[in-house]
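Presented below is the structure to which this report refers.
The values are calculated or read from the model by the stated rules, or taken from the named source; none is laboratory data. Fair warning: this is a prediction, and the values are worked out from it, not measured in the lab. Cβ coordinates were reconstructed from backbone atoms using ideal geometry, including for glycine residues, and neighbour counts include every protein chain displayed.
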Amino acid sequence: MWYPIARNLLFMLPPETAHSISMQGLHQAASIPFLKKQLAAQFQYPEKNLAKTCFGIKFPNPVGLGAGFDKNAAYLDELEMLGFGFVEIGTVTPKPQAGNAAPRLFRIPDQKALINRMGFNNEGLDIISKRLKDRKAKNNSPLIIGGNIGKNKVTENSAAWMDYCTNFKGLEEVVDYFVVNVSSPNTPGLRELQEKESLRKIFAELQNLNKNNKPILLKMAPDLERAALDDIIALTSEIKIDGLVATNTTIDRSLLNALNQEKAKKIGAGGLSGQPLLEKSTEVLKYLHQGLAGRIPIIASGGIFTGADALSKINAGASLVQIWTGFIYEGPSIVKNICQSLSTHT
C-alpha cells in the first residue's frame, strides 16, 4: 500500500539515481537480520506448488528478474529477499565499460513504460566473477542465477564469439545458466549477430567449451521478421541451444500512443519496455513455441506486470517469466502477487 507513495517520490529523481537509492535502501534493510526476516516473510511466496524444472534446473517459482537490473551482481541477497525465483545478472562484457552517455534511461509513466539506451554498462567480467565467487563461498544461497553475456562495444562482430567465450569461461563456476544477448538495440551492430551464421558460430564455440553441460540460452529481439525467427527455430535443431528468452526491448515506437510517440522522438534512440511491449513480445513467443513444438523451454519477458500477464505468457508457451519494468512500476510485492495469482491456475 505504501509503494505508490514511495514510487511518486522516487519518480521525482532521475531514473538511475532512483534505482541506486532504492537498491541501497534494500541493502541497508537486508543487513539487519530481524528486518530482513520480516521483509522476506512479507514479500516471498512461501508455497512450493509453483516449483518447476527447466534446463535441468529446479526453480522455486517461475518468476525471475530480467537482465539489466542487477548488472553487476551487487544486490542478489536483496533480490532473493523479495522472492524472485531466479535473477539474471548482466549483461556482462569481458572488459568494463561505461555504457552510453547519460541521460540514457527514461520513464513514460502513463503507459507504464521505459526507454533505455544504457549500452551494456557494467564493471566487467573479472570484478563480477569475483563478486559471485565471494558470495558463493560465504553464502549457501539456493537462488538461481543466470549470466547474461554480451560483447564489448569495441569488439568487431567478426570476433564477437571470442567475447562470449571469455565470458563463459569466467562465469561458468558461478552461474546456473547463460543467456547469449545479441538483441540489445543499444550496442551498434549487435543485432546483426542474430543472423543465422553468426549465431551458429557463437553457439558452436560456446558448446565446445561447455564440458559440464551448462544451459546456454539465446535472447532475441521482438522486432525480428518471421524469416529470422524461422532461422532461429531451424538452428535449434542443428546446434545445441538449450532455450530461448523472448524477448528483449523493442525499437518499435508505434506501440506508444500519439502523445508518447512525440515524447519518444525527443528522447531519441533506445529500447522500449513495459506494458506497450506485452502483446508484441507474446506474439513472438507464440510463434516460436509453435515452431519449436515444445522442444526447448522459453523464458518470456516483455510487459509482465500482473498474474494475468504472466499467465498469458505461459498459455502462449512460456515455461518461466521475467519481469523488469513491471518491478519499477508495481514495486516489491510484484513477485508474490504474480505467484499467488498463478497458484490459482495450477
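Would you mind finding the one in ARG226, ARG200, ARG253, ARG191 that is modelled with pLDDT under 95 and of a type in the set (Lys, Arg)? Even if it seems obvious, please write down each step before you answer.
Values: ARG226 fails: modelled with pLDDT under 95; ARG200 fails: modelled with pLDDT under 95; ARG253 fails: modelled with pLDDT under 95.
That would be ARG191, the only listed residue that is modelled with pLDDT under 95 and of a type in the set (Lys, Arg).
Please go through the range 194-222 and pick out each residue that is in contact with a helix residue (DSSP H, G or I) (Cβ under 6 Å, 6 or more places away or on another chain), closer than 14 Å to ASN167 by Cβ and assigned to a helix (DSSP H, G or I).
ILE202, GLU205, LEU206, LEU209
Let me confirm something: among LEU272, LEU255, which residue is out of contact with any Gly (no Cβ under 8 Å at 6 or more places or on another chain), more than 20 Å from CYS54 (Cα to Cα) and crowded, with 22+ Cβ neighbours inside 10 Å? Write out each step before concluding.
Values: LEU255 fails: crowded, with 22+ Cβ neighbours inside 10 Å.
Matching residue, one of LEU272, LEU255: LEU272.
In the range 223-245, which residues are under 15 Å from SER319 (Cβ atoms) and either in contact (Cβ under 8 Å) with a residue 60 or more places away in the chain or part of a helix (DSSP H, G or I) (or both)? Give the derivation first.
At the first step, the residues of the range 223-245 found to be under 15 Å from SER319 (Cβ atoms) are 236, 241-245.
Correct list: THR236, ASP242, GLY243, VAL245.
A quick yes/no check of all residues on (1) out of contact with any Gly (no Cβ under 6 Å at 6 or more places or on another chain); (2) in a loop (DSSP other than H, G, I, E, B); (3) aliphatic (A, V, I, L, M):
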position	(1), (2), (3)
PRO46	yes, yes, no
LEU50	yes, yes, yes
ASN61	no, yes, no
ASP70	yes, yes, no
VAL87	yes, no, yes
PRO94	yes, yes, no
ALA101	yes, yes, yes
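Find the residue count for the range 305-340, including only residues that are under 23 Å from GLU283 (Cα atoms) and not in a helix (DSSP H, G or I).
11
Keeping to the range 320-346, report how many residues are more than 15 Å from ALA308 (Cβ to Cβ), of a type outside the set (A, V, I, L, M, F, W, C) and crowded, with 21+ Cβ neighbours inside 10 Å.
Selection size over the range 320-346: 2.
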